[in-house]
Amino acid sequence: RTVSMGFRTVQRPVPPPPGSLAPLGLGGPQIARTEKPVDDQTYGVLRDLHRYDASAIDARVERTDNAPAWWVRETVSFRAAYANERVLAHLFLPKNVAPPYQAVVILGGSGIVSARRVEDFGFPYEFLIRSGRAVMIPAYWGTLERGPSELRLPTTEEIDRAIKWSRDLGRSVDYLQTRADSDATKLGFYAISWGAAHTPRLLAVEGRFKAAALLSGGLFPSQPRQVDSWNFAPRYRVPTLMVNGRQDFTFPYETNQKVLFEALATPPGDRKLVLYEGGHRNPVTRPDLLGEIIAWFDRFLGPVQQES
């Protein structure tokens, strides 16, 4: 707990039963992955599952909001890479920087499958806009305005959703490349928790991102092998900052955070693991954490020149 968080006590009229004083198991994914990732030939098959055919983007601006004072928000849609669907995305354009903008695409935690609007997103991203970068929050299939969906799905459905997320991300980058006010050569990715755990697969396949920041992420204890981050991490080379709580019991350090960090194929000088005191998502709004993320994007995307 933080120093500002209290706790509640009780006074019992009779002594509690002895079993209530037994050690409490926190549970969570505590088992480190020991099996080897798939070989290159099998990986090629898994990678190809995520690919899609190029097609017209057919983009539309569905809505424009000119408040608050430091950004313009556009709600846009474009053709998905599957069926006859469209991807909805929220694009926040900074007012303190002249285009073309660097852009950071975001993937939230598990709450995105139950949240129905971007207003319910609950993941701080304003600091990126204030730093002079555009922020894009796609409504991946089954999330936000394109949801809800269940957190846990049967295996076949989980594979289908995960691959759709990959294609939605690719189409989001395709869309940014069509905009004259976007510098699609300087793309960043920011993900938290569940989204951060999916990132090795997503960015191993989608190679157009130049930097990533992952908050409170780690390696899933198990996934279907077609979409298992463990199989994609050795093919992942994006410069990556991982920021985690040292006492995180959802993705513990030794068995989940460290294992994922060491599995990434990103060169050692281009990856960094920063540990803070606290648990899962505890450091999400720390000023020094936000400074770490801005400095990381400045290093690999280039600093942003803000207008006076």
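The values are calculated or read from the model by the stated rules, or taken from the named source; none is laboratory data. Remember, it's a predicted structure, so these values are computed and weren't measured experimentally. Cβ sites come from the backbone with ideal geometry, for glycine too, and all protein chains shown count toward neighbours. Heavy atoms of the whole protein, side chains included, go into the accessibility calculation; ligands, DNA and RNA do not. Shrake-Rupley method; radii C 1.70, N 1.55, O 1.52, S 1.80 Å.
Miscellaneous remarks
- Restricting segment 131-151 to residues that are of a type outside the set (A, V, I, L, M) and within 17 Å of P68 (Cα to Cα), the residue that is most open to solvent (accessible area, probe 1.4 Å): S131
- Entry remark, segment 152-162: residues being farther than 18 Å from G109 by Cβ and crowded, with 22+ Cβ neighbours inside 10 Å number 0 in total.
- The residue list V284, V274, V227, V238 contains one member that is in contact with a Leu (Cβ under 6 Å, 6 or more places away or on another chain) and either at pLDDT below 95 or of a type outside the set (G, A, S) (or both), which is V238.
- Of all the residues in segment 122-134, those that are out of contact with any strand residue (DSSP E or B) (no Cβ under 9 Å at 6 or more places or on another chain) and in contact (Cβ under 8 Å) with a residue 60 or more places away in the chain number 2.
- Set side by side, the residues Y101, Y82 differ, and just one is within 18 Å of M136 (Cβ to Cβ), open to solvent by 10 Å² or more (accessible area, probe 1.4 Å) and among the hydroxyl-bearing types (S, T, Y), which is Y101.
- Filtering L93, L128, L88 for residues that are out of contact with any His (no Cβ under 8 Å at 6 or more places or on another chain) and open to solvent by 30 Å² or more (accessible area, probe 1.4 Å) leaves a single hit, L88.
- Matching strands (runs of 3 or more DSSP E) fully within segment 1-120 where at least 2 residues are polar (S, T, N, Q) and at pLDDT 85 or above: 71-79
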